[in-house]
2 protein chains.
Amino acid sequence: MRAGRETGFRSHRAGVSVVTIQEVAKAAGVSSMTVSNVINDHPNVRRETRARVLEAMTRLGYRVNVAARNLRKGRTGTIGLAIPEVDSAYYGQLAAAIIAAAERRDLRVSIEQTGASPESELDALSLSRNRLYDGLILSAAGLGQADAERLRVDHPVVILGDRIFGGPVDHVAMPNLDASRAATRHLLSRGCRRIAIMCGAVEEIDTSRLRLAGYRLALEDAGVPVDPALVQQVGRLGMREGARRAREMAESGLAFDGVFCVTDALAMGVLRGLADVGIRVPDQVKVIGFDNVASSEFLVPSLSSIDPDHDGMAARAVDLLIQRIEQPEPSTRHAEFVGSFSVVIRESTDG
Amino acid sequence: MRAGRETGFRSHRAGVSVVTIQEVAKAAGVSSMTVSNVINDHPNVRRETRARVLEAMTRLGYRVNVAARNLRKGRTGTIGLAIPEVDSAYYGQLAAAIIAAAERRDLRVSIEQTGASPESELDALSLSRNRLYDGLILSAAGLGQADAERLRVDHPVVILGDRIFGGPVDHVAMPNLDASRAATRHLLSRGCRRIAIMCGAVEEIDTSRLRLAGYRLALEDAGVPVDPALVQQVGRLGMREGARRAREMAESGLAFDGVFCVTDALAMGVLRGLADVGIRVPDQVKVIGFDNVASSEFLVPSLSSIDPDHDGMAARAVDLLIQRIEQPEPSTRHAEFVGSFSVVIRESTDG
DNA sequence: TTGTAAGCGTTATCAC
DNA sequence: GTGATAACGCTTACAA
């Protein structure tokens, strides 16, 4: 294991030597502390000394060992972001917003994919508690209200999403109810009276349940009866499911003149499914989605949608996490923040 | 800094105690080594001892300190994946494929966004060399052939992409030339004779240049002259640029009956742009993309595309990286792997 | 302005 | 099967 300590070299792997701060110090004729001070831009180093150290660092090819630094500092400068999938437009955009917000606060972000399983989400939590990250932003899709207590950890965590409210953690949520109500109201304002909603299962408190509630409120506001046949629940909130269900709805003879989809992915599928069966959007049926993913603007017809304030939510989540990291006051009450939204009107409802 | 060592508690942050292996050891009446052996599932621990240790661990709420372990082991069990953007369908799918491949090899993946800037890409490289990751898969978009030498590092790196060939690193590339030739040939086979290509600037060796070369070859194969007016270079390979340029092409009076777009994002934009000016796809113009992103199947019309073997490329990249990690033979020749592809025919070329 | 000493929490080594 | 010891490479605290 030891290989020529005297020579000033140690190796982890055959043939590859690792330069330490000590070796730089020896080469520059200073102590290791001075090297450390140079690395960390501490003021109390003479220009000349600094130059000598820097020269030695370059010459030897020195690289900090982040693991050692993290161990010593008890901080990593990195936060974890756990999302269900990296290959979805929505979570991609969310991740980009979080990265941007964290960067402004000099934090790195490490993205972790959970596949929406409760186990993986708890794993991510563990890793964070294991001091791999200074804190974790968890976009919960697998864990539910019943698991709220498991989030009672002595480590900074912010929950993003709609499955856990009032838990023992800070929480940033979407404006589900109001936004869905507005989306449905928009369809009503365009003359729709038989408005379907396409959502996921609503056993738990989650995105689908909240958005369904908004839909119902809007219909009640307008005095339009809620027809259970128009509540279409699908297994996954993806394009394939949206397309298939839209075709089924049309072929079953169900009468509808509008569809509110709880995600843009579903809505993209619906546009496709309606095209398959020759239903014209927006002439015969109007469609609105939720999330305003980047591609919605470029679909044919372009897709009306709810634009949630990704950037605002991301900034808030990062802020909350940083607060917890810097001042972990276990007794502090936990924040619940709900983002804002706007209705983006495009061709799919503009007929 | 020290807070009641006697009580068995130490704290990094006010009010938050951190349980160490030592404390578990004391509580279980064993040495810290035995605890370590239990944690790491070493065989040489008596069942009874193991039980006692596990009980103490649970009782005290022990969590490994990953930083300490990484420092001691010289390994992190994590590889870095540096991609230009996390909010693009293509890179999202690529990341998902890499994560899946790495998971099969018991490696975690940390995703890093570079924004396609050379500096960020070199940053990612540094972090990896700083032993934050065991190795790095770098999807280069900012660095070019001229920077190849900067990749000569004593640390495992695999380059993914088309901007650096024959560099001092392992390299996994797309089948650009053949696939573009096949895409163009497909348009020819559907009767197109005035085929435009939409690509990025081609100053350097990169995706656009290689795909343009494939396009030219296919035309030459078929004896169709290459009209420079049909080579449309745009600034970014995104939807917005595709849409704008398609409109401009149509409005300028340029005659074309097919468009080969070097990314599906461009192609989505083109479909939109052509719709804006009332050109019917595929009747008047046929369109084919490249990448076969998930949404292409659901567009109206659905988009023909080149399906690169993401999974195969991802698996290969991870394999190569693992080889380098496990047996860092600096002298080994560097591998160049080119993936396979298939042409996926959909409505946009099927008229 | 610079150096000394100690220790962050873990695991490899080797002795028992 | 278990334990004592010594690092891993770095930075905080304090002394010079």
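The values are calculated or read from the model by the stated rules, or taken from the named source; none is laboratory data. All figures in this text were calculated on a predicted structure; none of them were measured in a lab. Using ideal geometry, Cβ is built from the backbone for each residue, glycine included, and neighbour counts are taken over all protein chains shown.
Within region A:29-41, residues that are more than 6 Å from DNA strand D (Cβ to nearest atom) have Cβ atoms under 6 Å from residues that are of a type in the set (Val, Ile, Thr) in these pairs: A:VAL35/A:ILE21; A:VAL35/A:VAL24; A:VAL35/A:VAL53; A:ASN37/A:VAL45; A:VAL38/A:VAL45; A:VAL38/A:VAL53, counting only partners at least 6 apart in sequence or on another chain.
When B:VAL277, B:VAL270, B:VAL224, B:VAL259 are screened for being crowded, with 24+ Cβ neighbours inside 10 Å, at pLDDT 95 or above and more than 11 Å from chain A (Cβ to nearest Cβ), only B:VAL259 passes.
Pairs are defined by a Cβ separation below 7 Å, a sequence spacing of at least 6 or placement on different chains, a first member in region B:58-80 that is more than 7 Å from every other protein chain (Cβ to nearest Cβ), and a second member that is within 9 Å of DNA strand C (Cβ to nearest atom) and outside any helix (DSSP H, G or I); the pairs so defined are B:LEU60/B:VAL19; B:GLY61/B:VAL19; B:TYR62/B:VAL19. Every condition in (1) surrounded by fewer than 24 Cβ atoms within 10 Å (Cβ to Cβ); (2) modelled with pLDDT of 90 or more; (3) among the hydroxyl-bearing types (Ser, Thr, Tyr) is met by A:THR184 except one, and the failing one is (1). Evaluated against (1) within 19 Å of the chain's Cα centre (by Cα); (2) within 30 Å of A:GLY238 (Cβ to Cβ), B:ILE322 falls short on exactly one condition, (2). The set of residues in region B:280-300 being hydrophobic (A, V, I, L, M, F, W, C), buried (at least 24 other Cβ atoms within 10 Å of the Cβ) and within 23 Å of the chain's Cα centre (by Cα) consists of B:ILE288, B:PHE290, B:VAL293.
Could you pull out the residue among A:LEU132, A:LEU125 that is assigned to a helix (DSSP H, G or I), assigned by TED's automatic domain parsing to the domain that holds A:PRO156, out of contact with any Leu (no Cβ under 6 Å at 6 or more places or on another chain) and not β-branched (Val, Ile, Thr)? One residue alone meets the criteria, A:LEU125. Within region A:294-346, the set of residues being charged (D, E, K, R) and within 14 Å of chain B (Cβ to nearest Cβ) comprises A:GLU297, A:ASP311, A:ARG324, A:GLU326, A:GLU329, A:ARG346.
Checked against the criteria, A:LEU303 counts as touching a residue at least 40 places away in the same chain (Cβ under 8 Å), within 23 Å of A:GLY238 (Cα to Cα), buried (at least 21 other Cβ atoms within 10 Å of the Cβ) and not small (Gly, Ala, Ser). Inside region A:311-349, residues that are buried (at least 22 other Cβ atoms within 10 Å of the Cβ) and closer than 22 Å to B:GLY92 by Cβ make up a count of 4.
Restricting attention to region A:136-181, the residues that are surrounded by fewer than 17 Cβ atoms within 10 Å (Cβ to Cβ) and in contact with a strand residue (DSSP E or B) (Cβ under 6 Å, 6 or more places away or on another chain) add up to 1.
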